[in-house]
1. Full extension from S671 to R370: what is 0.36 nm times the residue separation minus their Cα-Cα distance, to one decimal in nm?
2. Using amide H atoms built in the peptide plane, which far-off residues or other-chain residues are under 5 Å from V489 H to H?
3. Report the extension gain between A413 and M187 in nm, rounded to one decimal, defined as 0.36 nm multiplied by the number of residues separating them, less their alpha carbon distance.
4. In region 255-306, what percent of the accessible surface is made up of carbon and sulfur (1.4 Å probe, ligands and nucleic acids excluded)?
5. Along Cα→Cβ, 7 Å out, is where each label goes; now give me the distance between the ones at E211 and R468 in nm to one decimal.
6. Report the calculated FRET efficiency for A606 and A152 (r = Cβ-Cβ distance, R0 = 56 Å), to the nearest 0.05.
7. Leaving out ligands, DNA and RNA, what percent of the accessible area of region 550-663 is carbon and sulfur, probe 1.4 Å?
8. With labels modelled as points extended 7 Å from the Cα through the Cβ direction, what inter-label distance (nm, one decimal) is found for A636 paired with A426?
Amino acid sequence: MRTELHRNVSHPLGLLRNLGILAHVDAGKTTTTERILYATGATYKRGEVHDGTTVTDFDTQERDRGITIFAAAVSCEWAGHRINLIDTPGHVDFADEVERALRVLDGAIAVFDGVAGVEPQSESVWRQADRHGVPRIAFVNKLDRAGADLDAAVRSIRDRLRVTPLVVQLPIGREDDFTGVVDLVTMRSLVWADGAETPVEGPVPDELRAEAERRRRVLVEAVAERHPAALEEYCERSTLTAETLRDALRDLTRDGDGVVVLCGSAYRNRGIEPLLDAAVGYLPSPLDVPAVRGSTSDGERRERPADPAAPFTALVFKVNSTGTGRLSYLRVYAGTVRKGGVVLDAGAGRTERISRILRVQADRHTEVDRAAAGDIVAVVGLKSARVGATLCAPEAPLLLEPPTAADPVVSVAVEARRSTDTGRLASALARLVEQDPSLAVRTDPETGQTVLSGMGELHLEVAVEKIRQDVGLEVTVGRPQVAYRETVVRGVTGLVYRHVKQDGGAGQWAHVVLDVAPLPGDPAAGGGDVPEFEFSSTVVGGRVPKEYVRAVEAGCRDALADGPLGGHPVIGLRVTLTDGATHVKDSSELAFRTAGRLALRAALAASEMVLLEPVVEVTVTVPDDAVGAVLGDLAARRGRVVGSTTRAGTVVVTATVPLAELFGYATRLRSRSQGRGTFSTRATGYQPVPGAVADAVPRG
């Protein structure tokens, strides 16, 4: 049933849900979010992606492209609960936006396409949620489409995500005839008539009763196997009551031992109400998740409970510059902050004043007087706090771990078309990086060009277009370049380096002996992901004091910035300091840092090195009559096909392709498949560059 949204009601923490919507692009995240807002009374008109009328995809580029680019926060109410909901992007280029959202969420709804099941980016965002320990429920969407199959989607969830799906619904009808669901917990049916806004509840249809009873037995047995209290009742009664089953499903969801699976069609507004019931019933409140942990000024680890009376602690997870000022989005973990309050940026050691606190509804805001533990709000007045900053009470500082940012993999040169706009371009780029830490800006030391780096071609297109739209600058963009890396195939042992510098006054003297070897996982040796760097010391007898060992490690890290093949960063390296010596007067940390840097450069020059390039997994979906052309094109792009499946007249081809070969692939795929082909990508790591290709790679 639809409920009115009461914005000023005070919500106990147990009735609060901070949730995200996660999925592959085009699985229906935004439409699901729109239907949730409509069902809860937060909006009074159903927004449509294809019409550009959605609440959460409010940016001009999102509406033009028909995809979610920026994570958007909205609030609504259901069954006495307040739900803070974040609609996240589904495209691989914006995975960092998902990462920052997951850092502040307590639970999530994973949306899957009823035809395609688990798609590449579905798997990626699922793994991201695993890393953050975010409990999830699953919603199999688009069951009204031709070829939709709940059982096939559930099998893909089990096989690809390696989780236990607990299916709590049975669809009524297939494809165009999909009209409702049977709730296997209560054994009641919910049917949505054409044009109806709410379902009609009734008994299980006679023709589905046997199948519903069979599926409920499967559900009950799966739950009893994993939940002690449910197992005890099952042994006594050979079944479970609806109340016991709900309690067990809640525990299994919050512990990560099972994933509740629901189904529906968000576009046709079917299945949203039971999805909301499951979200508030099974997913955790701020009281159900572990207390946030951080570091005090003396390095001690300490917890802050989700309590409005505790010292204020919040994390900035998003920054957005608008026409009315700078908005900083916060997740408040503990304590209470009021309008006009002073907070400490724990990382920077500066105090800031919060002039306004806003309840967020995508691009619309409602001012409130305070924000308490569990809230997700936007604040105005922070001048220097960046994404990942911890805000806390000045008298009780605590530093939280910030969200991690992935290294950019694609770069373009950007310059203002008019030389007089160079300063404005620099300011615009600085604001972009402030809002999106997965972007990076640097000046090429050889060419003097300004280089913008990001997570993919689309990511950079969106960033450049944002400059054009928001600032009104005419910008020239160079051809994209990927971020190459270098690694060691065969290292050296016992490399001796002595650094001596004497030019009057105190001198510099340091003697080091290094072993250099590739780390396990080096792709040239057939491994997978490439670790960054490991340093160790086997020096005995105090020949090199500990403070000088740390200086040698710092110098080695300095040397990793540019490798001998082309000036690209070096990864996958293990360095061991095996011996050394000091001078009674001229040895210092600076001398040993310099020695470490120059010694490693000499060792790399003497080692066998290989150039690495980023590789992505490409999933291409095309009609079966276009498969040959698509496979030939992938082969020409140095792609390696790793699998293919056939689904209802279409073929899904999975291949690994160097990222450098994928620029412009969307246009080529449309021409090869007469506009009927689609593709998605997922970053998988690095691989060695063939010799002929490496010769053409520009220097880093």
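The values are calculated or read from the model by the stated rules, or taken from the named source; none is laboratory data. Given the structure is predicted, the values throughout are model-derived calculations rather than measurements. Cβ: placed from backbone, ideal geometry, glycine included. Neighbour counts: every protein chain shown. Just so you know, the surface numbers come from the protein's heavy atoms only, side chains and all, with ligands and any DNA or RNA stripped out. Shrake-Rupley method; radii C 1.70, N 1.55, O 1.52, S 1.80 Å.
1. Values: separation 301, 0.36 × 301 = 108.36 nm, distance 5.51 nm.
Using 0.36 nm per residue and subtracting the Cα-Cα distance, I get 102.9 nm.
2. Excluding prolines and chain starts, which carry no amide H, the hits are E608, M609, V610.
3. Working: separation 226, 0.36 × 226 = 81.36 nm, distance 6.06 nm.
Extending this stretch completely gives an extra 75.3 nm.
4. Working: 900 of 2060 Å².
Looking at region 255-306 in its full context, I get 44 percent from C and S.
5. 5.1
6. Working: r = 55 Å, r/R0 = 0.99.
Once rounded, the FRET efficiency stands at 0.50.
7. Details: 2260 of 4430 Å².
The computed percentage sits at 51.
8. Here the answer is 4.4 nm between the modelled labels.
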